[in-house]
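Down below is the structure, laid out as structure tokens.
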Amino acid sequence: LVLSSQASRKAKKKEGGALRAQRASSNVFSNFEQTQIQEFKEAFTLMDQNRDGFIDKEDLKDIYASLGKTNVKEEELDAMLREASGPINFTMFLNMFGEKLSGTDAEETILNAFKMLDSDGKGSINKDYIRRLLVSQADKMTAEEVDQMFQFSTIDAAGNLDYKALSYVLTHGEAE
């Protein structure tokens, strides 16, 4: 009786831990120590020059100007802002740093890896070629893992995988 109640408590504790882990992974604030969050908040406040709670193009221009760089191209600023999936408030700012720090490959890094295999520069690679590479090289994938990846891939009638679309799905999630 004592053993079964201890086992029951351990099972409940394990379930609770799983729930906490699930909640934690959905909360960007749980990815950082409190001191890190405070440092990010200070950085965000420095960048939010107009104090409206969002970092926009004018804030970026002002920050660059304060650093002595006044000839920043509009395209560069636009590219920076496009790194976010929406307006950059503090939570988005923290999400962006979380993604950069968590080891998630940036879309550009993944694209560049695929481009090395695309000697013709077509933006696609034969799926059979990709399959052979993925199951036989470096960190080998299983056939099931490759099949799962293909489920999220755009493959044309000739059997060519659109790696630009796949790179997007890998870094942003499946398009709605």
Could you calculate the contour length gain from residue 85 to residue 118, that is, 0.36 nm times the residue separation minus the distance between their Cα atoms, to one decimal place in nm? 9.1 nm
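Within the accessible area of the range 107-172, what % is carbon and sulfur when the probe is 1.4 Å and the other protein chains stay in place?
On the way: 2180 of 4330 Å².
Roughly 50 percent of what the probe reaches on the range 107-172 is carbon or sulfur.
Taking a probe of 1.4 Å, how large is the accessible area per residue of the range 30-101, in Å²?
On the way: 4800 Å² over 72 residues.
Ligands and nucleic acids excluded, the figure is 67 Å² per residue.
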Dividing the mean separation of Cα pairs under 8 Å (6+ apart) by the residue count of the range 107-172 yields a relative contact order in percent of 40
Note down the nm distance, to one decimal, between modelled labels 7 Å out along Cα→Cβ at residue 132 and at residue 47. 4.4
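Tell me, what does the Kirkwood hydrodynamic radius of the range 30-101 come to in angstroms if you use every pair of distinct C-alpha atoms? Spell out each step's value before the answer.
Working: mean 1/r = 0.0779 Å⁻¹.
Taking every pair of different Cα atoms in the range 30-101, averaging 1/r and inverting gives 12.8 Å.
Are any of the pairs 115/164; 41/73; 41/69; 127/164 more than 20 Å apart by Cα-Cα distance, and if so, which? Mind dumping the intermediate values first?
Numbers: 115/164 9 Å; 41/73 27 Å; 41/69 24 Å; 127/164 14 Å.
Flagged as over cut-off: 41/73; 41/69.
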Return the distance in nm (one decimal) between the two label points of a simple spin-label model at residue 164 and residue 65, each offset 7 Å from Cα along Cα→Cβ. 3.6
Give the accessible surface of the range 107-172 per residue, rounded to a whole number of Å², with probe radius 1.4 Å and ligands, DNA and RNA excluded. 66
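The values are calculated or read from the model by the stated rules, or taken from the named source; none is laboratory data. Small disclaimer: the values here were computed from a predicted structure and weren't measured. Heads up, the Cβs are rebuilt from the backbone with ideal geometry, glycines too, and the neighbour counts pull from every protein chain shown. Only protein heavy atoms, including side chains, enter the accessible area calculation; ligands, DNA and RNA are left aside. Shrake-Rupley method; radii C 1.70, N 1.55, O 1.52, S 1.80 Å.
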